[in-house]
Amino acid sequence: MINKCISMIKTDRFSFFLIIMILIASACAGQKNIAKPIKKPSSPSRPAAQEPKKPLPVHDIRALSYTVEGISFSMKLAPGGTFPTGTDDAGRMTVKNPFWLAESEVTYELWYKVAVWARKNGYVFNDQGREGNMGIDGAAPSGTKGMPVTMMTWRDAVVWCNALTEYYNSLNGSEPDLDFVYYTDAAYTSPLKKSVKGAVNMKAGGQDNPYIKAAARGNMSMDKCTAKGFRLPTIAEWECAARWRGTPTGETIFSGNQYWTKGNTFSGSDRPSSDLKASDAVAWYTMNSSISNPGTDTGKRGTHAVKRKKPNTLGLYDMSGNVYEYCFDWHPKAVGNLRIGRGGAYNVEAAYMGCGFIFLMNPWASSEDYGFRIARSEIFQ
């Protein structure tokens, strides 16, 4: 702004002296002069992404591994930060603290193992879950390993996270002594253990709006969560992990002294979603998810085993494609009490698979293209 003002002052001085000289010359010649307007210099265009003014933060991509009766899964440390949101990158969100996110969607083998134990220990699920989109609801896992669980509701996913927390504790004694995230009471004495049919009910402590364990009683915000157990990620955490890039490679945007994947780009890709070859490398979607003709868009489409495509920068697989992923919170501008799904699915076109897209769903509904991945808070590690 200062440079601009100086430029204008200099221009005005030049104009003033130019006009004086012209008037003097005209007077000498005895002729009337009409001064032409001087074009105001245009303001310099603002760069699309400014270069960092200080060194980029170094993020240590650590991993945690867990085993539940022979079934293993890993979680990766995702950084917090302020990042662009939306397909046009026009919005901004901030995740204050690092957090852990599972490197893959929850597989049916893990779901089934935990659900069987949970039903014997006081847990209730509305739906039984399915192995990918082609399995039989509630059946024992087949020989096909790594299929994501589908056909369970958002309510089921929340209750299952509490069940996983308790089951893992029972297998590992006092270590790591995880505690429940979701509760039915403000004093955090009754963990949420039931997912049942019924209309949406946003009563505090109900299955659609549980209390979140925190330092103070009666907390309803995930931002204040102090629990160590497994949970669903928030929409901000999910997008933060999907977009984080670290270096200015490919389709990136600079924000909060960090580089992020653009909203119209698949997570893990360095090209826009219109580049189908680049998109094929990181995601299962309409153009490559055929079961009858693998790698094509002809024939019946379906889910695929997790971790078969390239991961994103944080080492997370299938953040775009395969199945939609439940997030805990609902969109503030959503009508009613619809929950959020992220990432797209095997039956979604490339144009709707970018990191910035969101999908709305009822917490009581299940579908063969909905799944989830789990999260944990980092500060307790």
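The values are calculated or read from the model by the stated rules, or taken from the named source; none is laboratory data. Since the model is a prediction, treat every value here as computed from it, not as a measurement. Here Cβ is always computed from backbone atoms with ideal geometry, including for glycine, and neighbour counts include all displayed protein chains.
What the table shows:
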item: Criterion: touching a helix residue (DSSP H, G or I) at 6+ places or on another chain (Cβ under 6 Å) and not hydrophobic (A, V, I, L, M, F, W, C) - qualifying residue of THR261, THR286; result: THR261
item: Enumeration of residues in region 238-257 that are crowded, with 22+ Cβ neighbours inside 10 Å and more than 17 Å from CYS161 (Cα to Cα); result: GLU239, CYS240, ALA241, ALA242, ARG243, TRP244, ARG245
item: Members of region 340-368 found to be within 23 Å of ALA199 (Cα to Cα), free of Cβ contacts under 8 Å to residues at least 40 places away in the same chain and not small (Gly, Ala, Ser), listed by number; result: PHE359, LEU360
item: Those residues of region 252-270 which are part of a loop (DSSP other than H, G, I, E, B) and under 18 Å from ARG342 (Cβ atoms), in sequence order; result: LYS262, GLY263, ASN264, THR265, PHE266, SER267, GLY268, SER269
item: Among the candidates GLY70, GLY135, GLY122, GLY81, residue that is over 25 Å from GLY198 (Cα atoms) and surrounded by fewer than 16 Cβ atoms within 10 Å (Cβ to Cβ); result: GLY70
item: Qualifying residue in region 82-103 (condition: part of a helix (DSSP H, G or I) and under 30 Å from SER190 (Cβ atoms)); result: no
item: Members of region 194-229 that are among the small types (Gly, Ala, Ser) and in contact with a helix residue (DSSP H, G or I) (Cβ under 8 Å, 6 or more places away or on another chain); result: SER195, ALA214, ALA215, ALA216, GLY229
item: Residue, nearest to THR150 (Cα to Cα), within region 258-302, restricted to residues that are buried (at least 18 other Cβ atoms within 10 Å of the Cβ) and β-branched (Val, Ile, Thr); result: THR286
item: Residue tally, condition under 11 Å from GLY321 (Cα atoms) and among the polar types (S, T, N, Q), over region 255-305; result: 6
item: Single unsatisfied condition, LYS309 versus (1) surrounded by fewer than 19 Cβ atoms within 10 Å (Cβ to Cβ); (2) part of a loop (DSSP other than H, G, I, E, B); (3) of a type in the set (D, E, K, R); result: (1)
item: Residue identified as touching a strand residue (DSSP E or B) at 6+ places or on another chain (Cβ under 8 Å), at pLDDT below 95 and at positive phi among GLY299, GLY341; result: GLY299
item: Of residues in region 201-216 being in contact with a Cys (Cβ under 8 Å, 6 or more places away or on another chain) and not in a loop (DSSP other than H, G, I, E, B), the one surrounded by the most Cβ atoms within 10 Å (Cβ to Cβ); result: ILE212
item: Within region 346-375, considering residues that are touching a strand residue (DSSP E or B) at 6+ places or on another chain (Cβ under 9 Å) and outside any loop (DSSP other than H, G, I, E, B), the one surrounded by the most Cβ atoms within 10 Å (Cβ to Cβ); result: GLY371
item: Residue within region 247-268 that is of a type in the set (D, E, K, R), over 24 Å from ASN362 (Cβ atoms) and touching a strand residue (DSSP E or B) at 6+ places or on another chain (Cβ under 8 Å) present; result: yes
item: Filtered residues of region 160-200 (kept if part of a loop (DSSP other than H, G, I, E, B), free of Cβ contacts under 8 Å to residues at least 60 places away in the same chain and hydrophobic (A, V, I, L, M, F, W, C)); result: LEU178, PHE180, VAL181, ALA186, ALA187, LEU192
item: Where a residue in region 218-229 is in contact (Cβ under 8 Å) with a residue 12 or more places away in the chain and closer than 13 Å to ALA375 by Cα and its partner, wherever it lies, is among the acidic types (Asp, Glu) and surrounded by fewer than 13 Cβ atoms within 10 Å (Cβ to Cβ), with Cβ under 9 Å and at least six apart; result: LYS228/ASP177
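Condition check ((1) closer than 20 Å to PHE359 by Cα; (2) free of Cβ contacts under 8 Å to residues at least 24 places away in the same chain; (3) basic (Lys, Arg)) across all residues:
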position	(1), (2), (3)
GLY86	yes, no, no
ALA90	yes, yes, no
LYS120	no, yes, yes
PHE125	no, no, no
ASN133	yes, no, no
